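Worksheet: one structure, shown below.
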2 protein chains.
Amino acid sequence: MQSRDHHISHRYDQELEALRDDVLNMGSKVEEQIDNAVRALTEGDEGVAEATIREDHAVNAMEVAADEKAVSLLARRTPAARDLRFVMTAIKTITDLERIGDEAEKIARMGQQLGGRQSLRRNQAISTMSEAVRNQTRQALDALAAMDADAALRIHQGDAKIDEMFEGIFRELLTYMMEDSRNISATIDILFVAKALERIGDHSKNITEYVIYMVHGQDVRHTDVNHLDLDEGEH
Amino acid sequence: MQSRDHHISHRYDQELEALRDDVLNMGSKVEEQIDNAVRALTEGDEGVAEATIREDHAVNAMEVAADEKAVSLLARRTPAARDLRFVMTAIKTITDLERIGDEAEKIARMGQQLGGRQSLRRNQAISTMSEAVRNQTRQALDALAAMDADAALRIHQGDAKIDEMFEGIFRELLTYMMEDSRNISATIDILFVAKALERIGDHSKNITEYVIYMVHGQDVRHTDVNHLDLDEGEH
């Protein structure tokens, strides 16, 4: 029986691993979508915009497939303790990744709408913010892959910078609109781009909270993470 | 043994019921938050605005408690088939309800920022849209409570009307900003209110998708629900 138990346990680990791979692959896909969406916007590349919009279906399909894997694991394997928390983390992360994909699609559509307004497209603050948001998403997924709660906490704290970037862009765009009312409509498109980037930041911040929960068994949503002593959590 | 099995099964049903109650109570709380937020905005009532912002903590606490109940149920009871789908539906619904709560809080904050701008506050289209969004949230939760996939499908199809309302408000506000650049800053606050309402609509639409999944075991996210034949699903 021992070897049979061992066999079952090995397959169980493989299934957890497969779910983890699904989540991380979906994450890579979504990062690529952010990159392409911002490129479609800043470079006015219609082909890239169309590809980004089209590829959101692939992101959605990855969500459904990973979700099914998680439910099947719950139904057949009855994971407990940390494994159960990992499956919960996967389920929640998948949802946030799918919504990041939606925001990327919106940015690509804004890129299509802007037409020949080069000065708006090449907004430096938007480029800087999109870089920051993309990095934060990457780092959140790295923390998930490494099950690194300390890294997750650092990333979580860093999200405030992204919110500040949004505020800065908002003020800049407001001035621009007030100077010339012909700018208003296109500038609001850029404002919605900044809003979409801010939301991507929020979603990647959510992922860091799940990672801390997974590692420490401590739900840090809605608590002031700056005062968390993670050493006190369950390991 | 039979009576013991029966006893266990009875307690299991009670736990599922308790999770369902948690989700529905959280839903009622969130509906109240939408109401109060919109009242804070349209009536410029500072007390209601503050209460709405303060009460978002209660919504967050409800999320954490319901989530723990769901995880505990998964760990100890190993629900299968439709029960497992119900627990998944609960977990996902809780997340959307919490985010609806966040949007309500944002609306209350916008209400605080607007100061004495009565003409903007009493925007008729915003009132109509908030009524529609509040109803859609109510109906989505009713469909969840009644496990009514047909109702869920009808509500899902109705969300397009809310998106149209947003577009209408967007065009109206754009005109208003173009007429007088002194209106721009406050008008953008109202635009963000409309955006928050649109998002609440999206979240309640998500809930209808979970209900259809729960009842039929068919994942309708990202499919064209207008062409769904629900009778073919598993019952």
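In table form, for the structure just shown:
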{"item": "Inter-probe distance in nm under a simple model that places probes 7 Å from Cα toward Cβ, at A:Q112 and B:S127", "result": "3.7"}
{"item": "Net lengthening on full extension, B:E32/B:T175 (0.36 nm per residue, minus Cα-Cα)", "result": "48.3 nm"}
{"item": "FRET efficiency estimate (nearest 0.05) - Cβ-Cβ, A:D21 to A:H57, R0 35 angstrom", "result": "0.95"}
{"item": "Sites matching chymotrypsin sites (Phe, Trp or Tyr not before Pro) across region A:164-221 that sit in DSSP coil, with at most 16 neighbouring C-beta atoms within 10 Å", "result": "none"}
{"item": "Sites A:R82 and B:A65 - FRET efficiency at Förster radius 25 Å, r taken between beta-carbons, to 0.05", "result": "0.75"}
{"item": "Sequence of A:R20, B:R154 once ranked by neighbouring C-beta atoms within 10 Å, starting from the fewest", "result": "B:R154, A:R20"}
{"item": "Amide N proximity, region B:87-108 versus B:D142 label position 7 Å along Cα-to-Cβ, cut-off under 13 Å", "result": "none"}
{"item": "Residue-averaged beta-carbon neighbours from other chains (10 angstrom radius) around B:105-111", "result": "0"}
{"item": "Listed residues A:N36, A:G115, A:L173: farthest to the positive end of the dipole of chain A (Cβ charges)", "result": "A:G115"}
{"item": "Packing-based ranking, highest mean first, of A:11-19, A:41-49, A:193-201 given that Cβ atoms within 10 Å are counted", "result": "A:193-201, A:41-49, A:11-19"}
{"item": "Shielding by partners - mean other protein chain Cβ count within 10 Å, residues of A:179-188", "result": "3"}
{"item": "Shielding by other protein chains, B:21-29, mean Cβ within 10 Å", "result": "0"}
{"item": "Over chain A: helical MRE at 222 nm, DSSP H runs n ≥ 4 each giving -39500 (n - 2.57), nearest 500", "result": "-30500 deg cm²/dmol"}
{"item": "Region A:70-145 and region B:60-111: distance between their alpha carbon centers, rounded to Å", "result": "20"}
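Computed from the coordinates by the stated procedures, all read-outs in this text should not be read as laboratory data. On a predicted model such as this, the values are computed, not experimentally measured, just so you know. Please note: Cβ atoms are built from the backbone with ideal geometry, for glycine as well, and neighbour counts cover all protein chains shown.
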